[in-house]
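Worksheet for the structure shown next.
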Amino acid sequence: ERVKKALYKFTITHKNKALAVQKVQVTVNDSIVNQFSGSVSLHAGKNTIRVACTYTDKSGQVKRAYKDYTVYFDKKEITFDTDLADKDTDTESITFSAAAFYGSDKIPLTVKVNGEKLSGGETFTAQLSEGENTITLSAEKDGSKAEKSFKIKYTPAEFSIDTDLYDRTVNDADFSFYARMKGQSGSAKLSVILNGKKLSGRDNYTCTLQSGDNRIRLYAKDGDKKIDRYFTVTYVPIADDTTRPEITYINVTNGQTVKGSGFTLRFNAQDYQGGRIYADKTEVWLNGLSVECIAQDRNSAYYLQLSGGANLLEIRVYDPEGRYADHAYTINSVSAQKGEQTGVITMSFDADTIGLGQLAAGSEVAIYEGDTGVDVIERFLQQNGFTGDFTGKGDQRYLSRIHKSGAFSGGAVNSELAELVKNDGIADSGTQYADSLGEFDYTYGSGWVYTVNGNMPAYGMGKVNFTDGDTVRLAFTVAYGRDITGSQDSYDKTW
């Protein structure tokens with residue numbers, strides 16, 4: 001429609017009352033409207049408005065829908081409404097629509113192709129010359145003039161096949177596509193073959209796919225010229241209750257409340273045959289925005305930057321055959337100012353691997369908005385009379401050494417562990433200190449590692465975000481963490 005005011009008001013009606021609305025997003029000219037409240041601001045001329053909605057049904061399945069609208073804000077200036085655009089084409093003629101307006105009033109339009117006037121109403125057909133062509137739109141009203149030009153390059157088509165086929169996966173056995181020759185003579189022939197059998201049809205083809213891979217061959221011949229193209233279309237049935245991939249563990253419950261903006265999501269998924277599904281077959285969105293996996297160990301891990309209030313977490317997992325299942329969770333975030341306490345964790349640290357046992361018993365440590373794992377670990381060490389050296393910058397920081405007078409004297413790697421370490425190709429470093437303990441002491445595979453709720457994350461201390469109620473263990477390793485219970489690569493022994 002055409003309007004005369006820049007402030008454009010409209011309402012959104014959700015027609016399917018059985019679906020719960022999770023998120024509504026409005027964009028104007030590709031810019032997101034923050035906190036849409038019934039009106040948007042238009043630019044002069046053409047405006048594109050998109051209304052995108054996310055819903056969940058009673059079973060928790062996620063559904064999405066959107067609609068696009070075009071609204072013109074008319075000022076007293078000449079504008080053109082056309083579907084013309086600069087482009088290259090291999091067809092000798094081009095058909096397009098064009099109209100001119102002065103404000104909201106339609107006015108006479110002049111269309112020229114390479115300087116020659118073209119007749120038509122609102123639809124025009126231009127015959128092109130080989131090479132570059134210029135199509136010009138012009139209009140004038142009350143002393144105002146406007147002109148707009150488009151470049152259309154015409155290159156006659158060589159003998160080729162035009163098709164919408166491409167290698168893809170589909171969930172419906174009924175499949176349609178088009179395939180036709182271009183630039184051919186009258187004697188040219190096209191054969192369309194599905195899984196070794198010729199399909200009947202002309203330009204448009206419909207077939208029934210078999211489960212799994214389907215091979216479609218397009219073979220065209222025009223005299224001595226031949227074209228042979230192959231496509232693979234994989235048919236994967238929609239997952240049912242017996243074949244749908246499942247999330248087997250997740251550290252989120254629907255509707256849970258957390259304090260603060262940072263949360264580390266951890267989950268596992270598997271296919272109906274029990275095989276693990278990794279991050280390359282998983283998609284995660286938070287409030288409509290894609291979230292990348294930060295690490296994979298026993299779980300897949302994602303860092304979530306929460307907004308105050310309700311946050312919509314959506315997870316889609318695919319099995320190796322392409323079946324997928326959607327899962328949705330609401331996480332309520334209570335906003336916290338930077339430095340405000342967001343919870344309490346229980347933390348301990350030990351050097352069991354060198355016989356020193358527990359160096360600080362489990363104790364509560366406060367966590368605050370904006371904390372990284374490094375901040376919390378440093379706070380814990382100070383509470384227990386230790387100091388730590390941290391190496392690296394930003395989220396790459398890690399704990400390289402812990403100091404306390406006399407706390408680390410008398411350490412030694414027992415013979416059984418020493419044999420395992422030796423067999424693993426890790427050499428002794430020959431260094432140890434009574435007043436500190438850190439990387440490269442005892443072996444060249446030593447240093448400080450951590451576990452969270454019994455699991456050793458595959459990302460560093462500078463990247464971890466602890467959550468209220470977590471149990472964290474700081475442990476000294478002499479074998480890159482493989483000697484620490486909680487590591488995926490732990491030796492077959494509990495230390």
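Laboratory data are not the source of any read-out in this text; all were calculated from the coordinates shown. Remember, predicted model here, so these are calculated numbers, not experimental data. Positions of Cβ are backbone-derived with ideal geometry, glycine not excepted, and every protein chain shown enters the neighbour counts.
For this structure, a couple of remarks:
- Rounded to 10°, Cα long-axis angle of helix 373-383 versus longest principal axis of the chain: 20 degrees
- Per-residue Cβ neighbour rank within 10 angstrom, fewest leading, 14, 327: 14, 327
- Ordering 39, 13, 60 by Cα displacement along the dipole of segment 2-73 toward the positive end leaves 13 in first place; charges were set at the Cβ atoms of Lys, Arg (+1) and Asp, Glu (-1).
- Considering segment 331-453 at the alpha-carbon level, its Rg and Dmax are found to be 16.7, 52 Å.
- 169, 206 arranged by Cβ crowding within 10 Å, fewest neighbours leading: 206, 169
- Charge dipole magnitude, Cβ of K and R +1, D and E -1 - the chain, Cα centre, debye nearest 20: 2020 debye
- Sparse-neighbourhood loop sites, trypsin sites (Lys or Arg not before Pro) in segment 316-382 - DSSP loop, at most 14 other Cβ within 10 angstrom: 338
- Electrostatic tally near residue 476: other residues with Cβ closer than 9 Å to its Cβ, Lys and Arg +1, Asp and Glu -1, net -3.
- Euclidean distance between Cα centres, segment 353-400 to segment 188-241, Å: 61 Å
- Using the Cβ of residue 18 as centre and a radius below 15 Å, the other residues enclosed give a net charge of +3, where K and R count +1 and D and E count -1.
- Loop-resident sites, segment 127-222, for GluC sites (Glu not before Pro), counting at most 16 other Cβ within 10 Å (DSSP): 130, 158
- Taking 315, 426 and counting other C-beta atoms within 10 Å, the order from fewest to most: 426, 315
- Each residue of segment 281-290 was assigned a 3J(HN,Hα) from its phi angle through the Karplus expression (A = 6.51, B = -1.76, C = 1.60, θ = phi - 60°), giving 10, 9, 10, 10, 10, 10, 6, x, 9, 5 Hz with x at Gly and Pro.
- Global dimensions of segment 78-154 from alpha-carbon coordinates: Rg and Dmax equal 12.5, 40 Å.
- Separation between Cα centres of segment 41-84 and segment 152-181, rounded to whole Å: 29 Å
- Option label - Cα Rg over 2.2 N^0.38 Å computed here, alternatives (i) 1.14; (ii) 1.41; (iii) 0.95: (ii)
- Pairs with C-alpha atoms separated by more than 20 Å, drawn from the list 17/63; 46/153; 76/145; 67/148; 15/46; 151/225, are 46/153; 67/148; 15/46; 151/225.
- Listed residues 255, 270, 232: farthest to the positive end of the dipole of segment 218-276 (Cβ charges): 255
- Over the chain, relative contact order from alpha-carbon pairs under 8 Å, at least 6 apart, %: 8 percent
- Relative contact order for segment 368-419, counting Cα pairs under 8 Å that sit 6 or more residues apart, in percent: 24 percent
- Local charge for residue 160 was computed over the other residues whose Cβ lies under 15 Å away, with Lys and Arg +1 and Asp and Glu -1, and equals -1.
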